[in-house]
Amino acid sequence: MGESLPLLDKLGPTSGKGVTSVARVPNAWYVGCLSTELRNKPIARKVLGWPVVLFRDGQGVARCLVDRCPHRNVPLSLGRVLDGELECAYHGWRFDGEGQCTRVPALSPNSRMGPGVTAWSVIEQQGLIWVYADAGSVPPKPPHFFPLVETDEYHTVHDIVQAQGSLHAVAENALDVPHTAFLHGGLFRQDKERHPIEVVVTRTSSQVQAQYIGEDSPKGLVGRILAPQGGEVEHYDRFLLPGILQVEYRLGEKSHLLISGCLTPIDDFETRLFAVVTFKLPIPAWLVKPVVRPLAHFIFRQDARILQAQSRTIKTFGGEQYAHTEIDALGPHIKRLLRSAERGSTATHEQQFEKRFQMYV
Amino acid sequence: MGESLPLLDKLGPTSGKGVTSVARVPNAWYVGCLSTELRNKPIARKVLGWPVVLFRDGQGVARCLVDRCPHRNVPLSLGRVLDGELECAYHGWRFDGEGQCTRVPALSPNSRMGPGVTAWSVIEQQGLIWVYADAGSVPPKPPHFFPLVETDEYHTVHDIVQAQGSLHAVAENALDVPHTAFLHGGLFRQDKERHPIEVVVTRTSSQVQAQYIGEDSPKGLVGRILAPQGGEVEHYDRFLLPGILQVEYRLGEKSHLLISGCLTPIDDFETRLFAVVTFKLPIPAWLVKPVVRPLAHFIFRQDARILQAQSRTIKTFGGEQYAHTEIDALGPHIKRLLRSAERGSTATHEQQFEKRFQMYV
Amino acid sequence: MGESLPLLDKLGPTSGKGVTSVARVPNAWYVGCLSTELRNKPIARKVLGWPVVLFRDGQGVARCLVDRCPHRNVPLSLGRVLDGELECAYHGWRFDGEGQCTRVPALSPNSRMGPGVTAWSVIEQQGLIWVYADAGSVPPKPPHFFPLVETDEYHTVHDIVQAQGSLHAVAENALDVPHTAFLHGGLFRQDKERHPIEVVVTRTSSQVQAQYIGEDSPKGLVGRILAPQGGEVEHYDRFLLPGILQVEYRLGEKSHLLISGCLTPIDDFETRLFAVVTFKLPIPAWLVKPVVRPLAHFIFRQDARILQAQSRTIKTFGGEQYAHTEIDALGPHIKRLLRSAERGSTATHEQQFEKRFQMYV
């Protein structure tokens, strides 16, 4: 009968050689949830593959523990908050905000108490609850602070979306200009009457920015909302380690839009995006605000579908194989920054990088 | 671009170091099904990960074969029972209760007959069909015999439940006292007005028992059914290798409850529990009987939910990491017995172990 | 507590030793889709585990590319066909029928164009679109040509079915006689009043045939349609590398039925069967034609259920363990041919093999 092949061998394509742009940047702040989400019940989240549980202690301070009872490894998030402490649903062990075990019911007072559970650092600011992943080190600096949010004249809308793509893939997608004429055709840009603009890419050791010079006011629905009067637009896209996105548009003094995003890597191929949309516009905020979230969801659904297909293809081929052209303005730089941060590199002496090229939009 | 990580690496927590309390005890009797379940159709079951098929031969004797036709590897359980033999649904090969192939349709009478299939030993007793896993050895002794079932004055109810937990996790859960005040709060015990009782744990080479001394009659609904007159209760919890559980309550001469369970490991993290509830009580059996099964299912649903979450967490963390306190009366001993049996150890000379401690219930 | 076992070890049976009759024959023509399925939208298919996309170029010629955009690894099949070229849904990259990249939108005309994507050879003939898997070599000969389809008096019906079985398992199933009396009992044959017929098996280096001599006109519904007058039937079953099946029945001059099947291995354990049923019969074609497809689907549903159970059992046992008897006329030979083709062997000098034996039908 001849020889037989072992089961479950890789069938089909293998050209990707098992590499991906997944990066796991530890020792970094990621958004766990919105302030408004965390009330009197514990919330289960996953960050960098770690199950964690968020709750508020007796002073209302947000806390984050690894979501596993040290006794019998049941998720603490199945339990309840009692007097500002987290009680396990299985045997009632209790833990304070530092992860210390404060009570093992039925245990004799003379016996040795149960061990604690690892706590992650938490900071609540500007309506977001940030957790520091993971617990091995002390945060050297606070989380990202969103500009403009506290400024008069500016209005802010929060939003949460999620996609089955790596942090890198979601970041590149969110900051990529050329795909908008196709995936979101008609909404921002169209694939006709293209003319050249200049792109200036600047990378430091912790961020990369693309400046678009000579861009017309965006066409279509978004354009009409953003800048009814038309004119040339100032446009910047930025990525800041470990996962902050900024898309900034300005038209003269009257129109200013800053879409900030904070990416939380749930797992290698699942990423959550907390968006903070801040704007001042020549039209009333009460006209704009109700449109922001439905519009963002409509756009993001198109992105999420592509990101999911991309992840699936990468897995099928056993890795990714990306070809870059000049106009992939930020993706390769984001990958470089993530890789560097993943290795814990702090090359602050790294020289600033700048590149200029034309893009037809 | 820097180096890329291989796909599908373990992301997130790894503190469990890949160990679990899963134990695979071979050469042991496990319950396949209830007698009443096995009629004129074959039944497919899984025991220790092995697919087996149960059927009754021409004399009505229960039989158990590995559930794979040796011809083309189709499950024999898809076929039918004909003249006390099992006929494969694909090509009609037939097998007797010993697993011998008795017919290959269309085959010339002069040709060599097909090979047989492995048979497991079966014993039907007290309404349960036991199978001996696996087939490599002859059972040295019969399966567990349930006491009291055949005794006058005693009544018996059978039940089957299933949970996504290892045999060890299900056994520990079923015999654990402290969790009842939380997971089943109000039903047996409550987390208030606790007072100390004495616990005596005794372990031999094949079983471990916890005796609870000084316990009040259980409070709540169960207590009111078991012992309307109140008083001090005699209470024993026992684990017998490879997977027999006993919870015994006695109140004077009138009330006696023995809940026996036999655990069948379906797979590493799935366990079936066949329960035999035997009792005599001062209230009429016709009042008690209808309550037993609904109550047991209500309680077990709470346990099954926790056991499933526990298994999931163990898998996410790549292994388990249990912390024990003094009042984990039986779990560590059950693990020790299972490990020993898994290695085939028959340390009958092992000295009896005894330990006493206080528990606040 | 003793040692613990690693997680996710293989539990249960391992007697199969990890071998299966899965064969991956490369450098071969497989059917991608029916001609009628491919219109103005791209179609995604999987062949030998490779995702491919089919579309028609500007001349209407069927084309096949590996279904992954070289830019960001999104499936090209999510895009659209524009002027006979395939446009990626993400950034609008365009590819012609040869896989050449013809456009990267927004890219400056002076910049380097994107790379292309691998194209597979395609031939459209007799209503089927064949693709050559995979792309490493030039097809030395055209795909299988179906006899009789273009002949007067003959009528043809196309059909597609799919099963969760390996190409080998589906081929053996489709060409196996003994299972029909069981799995399709009453439709072709019955398990009673059996009498011997002679079987002649002939194998060359590229095909194997079983001739059935002395067979009565099939009984039951199919028999009544095929040969209302009864009589002895000429019956041949054939397998041609890499996955062509033929079941041929002839009754004198008036009745002639040739069921051809082309198997496409989607994955190791999933196979698609494109059937070409060609016949002339003493009853009018308009009476026969409407029956063919529903009848074929009815029969194949029974086969597909068994094939799926077979695959599942093989996976559970970590491999297959088949026992053959004399009347497994073709299965072992098909495996031998597939293994040989998988190794790229072209043993044209191999001597013809012939064997005769009795079968009781």
When (1) buried (at least 20 other Cβ atoms within 10 Å of the Cβ); (2) within 12 Å of chain C (Cβ to nearest Cβ); (3) more than 21 Å from C:ASP303 (Cα to Cα) are applied to B:CYS88, the one that fails is (3)
Per the filter on region C:114-134, residues out of contact with any Ser or Thr (no Cβ under 8 Å at 6 or more places or on another chain) and either under 30 Å from A:PRO196 (Cα atoms) or part of a strand (DSSP E or B) (or both) are C:PRO115, C:GLY116, C:VAL117, C:ALA119, C:TRP120, C:VAL122, C:ILE123, C:GLN125, C:TRP130, C:ALA133
Test set (1) farther than 27 Å from A:ALA304 by Cβ; (2) in contact with a helix residue (DSSP H, G or I) (Cβ under 7 Å, 6 or more places away or on another chain); (3) among the acidic types (Asp, Glu) - A:GLU153 fails condition number:
(2)
In region A:137-169, residues that are part of a loop (DSSP other than H, G, I, E, B) and out of contact with any Lys or Arg (no Cβ under 7 Å at 6 or more places or on another chain) total 19
Residue hits (region A:46-85; of a type in the set (D, E, K, R) and more than 9 Å from chain B (Cβ to nearest Cβ)) are A:ARG56, A:ASP57, A:ARG63, A:ARG80, A:ASP83, A:GLU85
Mind listing just one residue for me: the one in region B:13-26 that is crowded, with 21+ Cβ neighbours inside 10 Å and either modelled with pLDDT under 80 or of a type in the set (Ser, Thr, Tyr) (or both) and, of those, nearest to the chain's Cα centre (by Cα)?
B:SER21
Name every residue in region A:91-117 that is more than 17 Å from B:HIS179 (Cα to Cα) and within 9 Å of another protein chain (Cβ to nearest Cβ), in order of residue number.
A:PRO109, A:ASN110, A:SER111, A:ARG112, A:PRO115
Quick test of your reading of the structure: B:GLY60 fulfils all but one of (1) touching a helix residue (DSSP H, G or I) at 6+ places or on another chain (Cβ under 9 Å); (2) more than 30 Å from C:ALA329 (Cα to Cα). Name the failing condition by number.
(1)
How many residues are buried (at least 22 other Cβ atoms within 10 Å of the Cβ), closer than 23 Å to B:GLU270 by Cα and not hydrophobic (A, V, I, L, M, F, W, C) if we restrict to region B:43-70?
3
Being at pLDDT 95 or above and closer than 22 Å to A:VAL199 by Cβ is true for just one of C:GLY84, C:GLY92. Which residue is that?
C:GLY92
The lone condition B:PHE269 fails out of (1) under 25 Å from A:ALA89 (Cβ atoms); (2) surrounded by fewer than 18 Cβ atoms within 10 Å (Cβ to Cβ) is (2)
Determine whether region C:136-154 contains at least one residue that is in contact (Cβ under 8 Å) with a residue 24 or more places away in the chain, buried (at least 21 other Cβ atoms within 10 Å of the Cβ) and away from chain B (no Cβ under 14 Å).
yes
Which residues, counting only those in region A:180-199, are in contact (Cβ under 8 Å) with a residue 12 or more places away in the chain and within 24 Å of the chain's Cα centre (by Cα)?
A:ALA181, A:LEU183, A:HIS184, A:LEU187, A:PHE188
Complete set of residues in region A:21-40 that are assigned to a loop (DSSP other than H, G, I, E, B) and farther than 16 Å from A:VAL66 by Cα
A:SER21, A:VAL22, A:ALA23, A:ARG24, A:VAL25, A:LEU38, A:ARG39, A:ASN40
Between B:VAL74, B:VAL47, B:VAL53, which is in the same structural domain as B:PRO115 (by TED's automatic domain parsing), closer than 19 Å to B:PHE274 by Cα and without any contact (Cβ under 8 Å) to a residue 40 or more places away in the chain?
B:VAL53
Mind listing whichever residues of region A:309-352 are touching a helix residue (DSSP H, G or I) at 6+ places or on another chain (Cβ under 8 Å) and more than 19 Å from A:LEU167 (Cα to Cα)?
A:ILE327, A:ALA347
Can you name every residue in region A:188-201 that is crowded, with 17+ Cβ neighbours inside 10 Å and closer than 24 Å to A:HIS168 by Cα?
A:PHE188, A:ARG189, A:VAL199, A:VAL201
When you look at B:VAL157, is it surrounded by 14 or more Cβ atoms within 10 Å (Cβ to Cβ) and over 21 Å from B:SER217 (Cβ atoms), yes or no?
yes
Exactly one of B:LEU65, B:LEU34 is over 30 Å from A:GLY165 (Cα atoms), out of contact with any Ser or Thr (no Cβ under 8 Å at 6 or more places or on another chain) and at pLDDT 95 or above, and that residue is B:LEU34
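The values are calculated or read from the model by the stated rules, or taken from the named source; none is laboratory data. Owing to the predicted nature of the structure, the values given are computational and were not obtained by experimental measurement. A quick note on method: Cβ atoms are made from the backbone with ideal geometry, for glycine too, and the neighbour counts reach across all protein chains shown.
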